[in-house]
Every structure is written in structure tokens, then in C-alpha cells.
Amino acid sequence: MSGVAVAADIPTPPPATAPVAVAEQPASTAADIPTSVADAAPTAAPAAELTATAAPAGSPSDQPYFKLVSSRMWSKAENGDCRGQHLLRINVIDANGVRINGVRLKGIYTGEVMVTGSQGKGDGVIEYDLYSTGEGFTVIQNDDGREAASDRAEGFTTQSRDISQDLLIAGGYCTNASDCQIFYDSWGCNGHHSWEATFQRNY
């Protein structure tokens, strides 16, 4: 009786399961920001949201710390098209979302000091005219006069070529990569971009 023939080179079977792709978590949106912050914002369609996170909890006895909880570029419609403004609006709120007057902020590059609520632009607000590559701010003093620490709010350029295509598309300045390249090549809305940011205190 003859034996059963066995193949010499048997291929290795494939693994039983293939790797599973993990979906990325969606980024935070403006919905995560306290609703009272929207009171001083323009009413047109919102532009791209860059950040939105919760401020750390604290108590009035702690050193005041102001966390940058949101930062966004205004949409083309909000900013009055390419003939619009070139400003930076910064909102300052407490842990409950209540606007705070009397908080001192300092320009990162110019050193100019501004106080929330002192310009007649609304409670808890400063507005700064942006030019060229813009300005940034930190909080230096709480409303009770105590020294404060904060995150840095910066990157608020008015130069169209320095703004990413994603932000330009989200803001309605162009519709796709080729359209954005035309926008860049023609200098777009150069000198006419506005931004908004919000600092939240730790108590």
C-alpha cells in the first residue's frame, strides 16, 4: 500500500483577523465654550474654531490663572468681506462663563497694556487693531489687582499667505486647494483678517 504524498512547500496561512482601524475622535467645537462668550461676537456664520478646552478648576484663594479656551478666525462674512476689519477681540470670563471687567492684558510683542471693559466694547472684552503679522496677549493682572498668570494667545496674523488652507476654506475665503492657491497668489484679503479668543479664569 503506497503512502500519501505530502507537499514540500505549504504556504503559511494568513492571520485570522486583519488589523482594525481606529477612528479619530472629533475635535472640540465652539459648542464647548460657555454660551455667555458669544454675546459680544458678530452674528454672521462662525469661522473655523482652532481650540476649545475646559479651564482647570480652582478657588479664589489660588493664584489667578487664565487659560486660553478658544481661538478662531472670523469668517469672510463676519469680517465684512475683504474690505472689512483687521481686529483682535479677546473675551475674559470666569469659571462660570461670567465676563470679567478690570482684567489687565499685555501685548506679547508691543508690550501694550489693555483692560477688559474699558473701551466701551462690552463687558470682559478688549479689542486691538491688527496689522501685518498681528499681535498676541497674555493676562498679567486679575480684576482684584493680584498678579495673574496665563496661557499665550497669539498667531493672529492679517497676512492671507500665512493662514492655512483649512482655515481659509472653513471661513469662506476659498473653496478648495486650487481656489485657495489663486487666493494666495492674488494676496487674498491681505491686511483684512480678524480673530477672536477667550481666556477663562480658574475660579
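Read the figures in this text as sums done on the coordinates, not as results from a lab. Note that the structure is predicted; figures quoted are calculated from it, not measured. Methodologically, a virtual Cβ is constructed for each residue, glycine included, from the backbone with ideal geometry; neighbour enumeration extends over all protein chains shown.
Between region 124-178 and region 54-101, how far is it from one alpha carbon centroid to the other, in angstrom? Spelled out, the Cα-based centre of one part sits 10 Å from the other. Applying 1/(1 + (r/R0)^6) with R0 = 30 Å to the Cβ-Cβ distance of A177 and Y109 gives a FRET efficiency near 0.40.
Local charge sum around E135 (other residues, Cβ-Cβ under 10 Å, Lys/Arg +1, Asp/Glu -1)? Result for the neighbourhood of E135: -3. In order along region 109-121, phi translates into HN-Hα couplings of 9, 8, x, 5, 9, 10, 10, 4, x, 8, 9, x, 8 Hz, rounded to whole numbers, per the Karplus curve 6.51 cos²θ - 1.76 cosθ + 1.60 with θ = phi - 60° and x for Gly and Pro. The convex hull defined by the C-alpha atoms of region 74-170 has an orientation-averaged projected area of 7.1 nm². Multiplying the residue separation of S118 and D162 by 0.36 nm and removing their Cα-Cα distance gives an extension gain of 12.7 nm.
In terms of its C-alpha gyration tensor, region 147-203 comes out prolate, because a/c is 1.5 or above and the ratio a/b outweighs b/c.
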